[in-house]
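A short write-up of the structure that comes next.
The values are calculated or read from the model by the stated rules, or taken from the named source; none is laboratory data. Bear in mind the structure is a predicted one, so any value in this text is a computation, not a measurement. Every residue, glycine as well, gets a Cβ built from its backbone with ideal geometry; the counts of neighbours run over all protein chains shown.
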Amino acid sequence: MESSIPELLLAGGRLMFIGMTIVFLFLALLVGVIHVTSRLIGRYSPEEPVALKPVSAVVARSTGGEDEAEIVAAITAAIHRYQNK
């Protein structure tokens, strides 16, 4: 049962068309379901405004060069350890 090349190409084209149509329809259905779900959630579950409490600003003050030296040493050690992995 040998088929000619044009017959095989035609069968392949049909299969490709059917497959692409099924995928397109599934994706269109998925978009529709997501859209309807979004509308339903927006309608039946309105978002209530959340009251935010003001946060007091905390200002870090440097007491001297010792803190900066420790920070620089920690950063340098971290970089050195990362580069030597």
Review point. Limited to the range 7-49, what total is found for residues that are at pLDDT below 95 and not acidic (Asp, Glu)?
Key: 10
Review point. Is there any pair with a first residue in the range 27-40 that is without any contact (Cβ under 8 Å) to a residue 40 or more places away in the chain and part of a helix (DSSP H, G or I) and a second that is surrounded by fewer than 10 Cβ atoms within 10 Å (Cβ to Cβ) and acidic (Asp, Glu) whose Cβ atoms are under 7 Å apart and which are 6 or more apart or on different chains, and what are they?
Key: none
